[in-house]
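Just below is one structure, and these are the notes that go with it.
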Amino acid sequence: MGQALCCLQVDQSTVAIKETFGKFDDVLEPGCHCLPWIFGQQVAGYLSLRVQQLDVRCETKTKDNVFVTVVASIQYRALAEKASDAFYRLSNTREQIQSYVFDVIRASVPKLNLDDVFEQKNDIAKAVENELEKAMSTYGYEIVQTLIVDIEPDVHVKRAMNEINAAARMRVAANEKAEAEKILQIKRAEGDAESKYLAGMGIARQRQAIVDGLRDSVLAFSENVPGTTSKDVMDMVLVTQYFDTMKEIGASSKSSAVFIPHGPGAVRDVASQIREGLLQANATN
């Protein structure tokens, strides 16, 4: 109906390319326009001024011979003041942009190792944007922004990288565990040493108390029983200790059978052996 009345509507964010007898005549802005077809005027096509996005997947190789797939997202739009160039000079805008992206990425990534590609992806995106800006501006297009949205190494390389990372973390965990065990062993050894030290102090005090008790007993017995000597008192104390020991052996439920000589002569021999042992110890000290 609009063509029959020679009227045409152009939507917002869109321009129409007007031709007269097949030759470019004008760029029609959004709004209503009159195109008398009887004078050879017609619309050759429409051009959107909205920002468009093109995702490009480019496979290439890094400097350390790892194949990666780089995904670049290109945001671009046609310029209203160069609408005729954007409409006539390029037959396939998306393929043209894709070719430039391939060229820049495959020239930049092979100069970098895999780790550097991840670290310098913003530099790669900037290089792609600069190259596209210079190339596409002559065709009436503006590059709004270029992003490297993903870097995908080969699946085997990715698995190997994950294994390396896992091994490194396990090594750190093993070091931490070993350090903790070392600290536990040190603390355990310190506790054991302290325990033995305190046990030694207790044994020393016990022996000192036994010696003091024996000395007091000998002195008291010698004073209260005339005619007795220190040797007699020590023999009696040893015999008493001997019978106490026999009593404890017999009272213990866990004791095995123990065969020892018994009788007055045996007791005398035990007493003389203990006394000789004490004298030898004193002579050594």
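The values are calculated or read from the model by the stated rules, or taken from the named source; none is laboratory data. Owing to the predicted nature of the structure, the values given are computational and were not obtained by experimental measurement. So basically every Cβ, Gly included, is an ideal-geometry build from the backbone, and we count neighbours across all protein chains shown. These area figures cover heavy atoms from the full protein model, side chains too; ligands, DNA and RNA do not enter into them. Shrake-Rupley method; radii C 1.70, N 1.55, O 1.52, S 1.80 Å.
Structure above, values below:
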| quantity | calculated |
| --- | --- |
| Local electrostatic count at SER137 - Lys and Arg +1, Asp and Glu -1, tallied over other residues with Cβ under 13 Å | -2 |
| Hits among lysines - C-alpha to C-alpha of LYS111 under 28 Å, sequence gap 8 or more where chains match | LYS61, LYS63, LYS121, LYS126, LYS134, LYS158 |
| Whole-percent carbon and sulfur share, accessible surface of the range 19-79, 1.4 Å | 52 |
| Per residue, in Å², the accessible surface of the range 132-179 once ligands and nucleic acids are set aside, probe 1.4 Å | 67 |
| Accessible solvent surface per residue of the range 72-120, calculated while the other protein chains remain in place, 1.4 angstrom probe, Å² | 53 |
| Of all accessible heavy-atom area on the range 87-169, the percent that carbon and sulfur account for (1.4 Å) | 46 |
| Mean Cβ neighbour count within 10 Å, used as a protection proxy, ranking 155-166, 71-82, 88-99 highest first | 71-82, 88-99, 155-166 |
| Orientation-averaged projected area, Cα convex hull of the range 5-87 (nm²) | 7.4 |
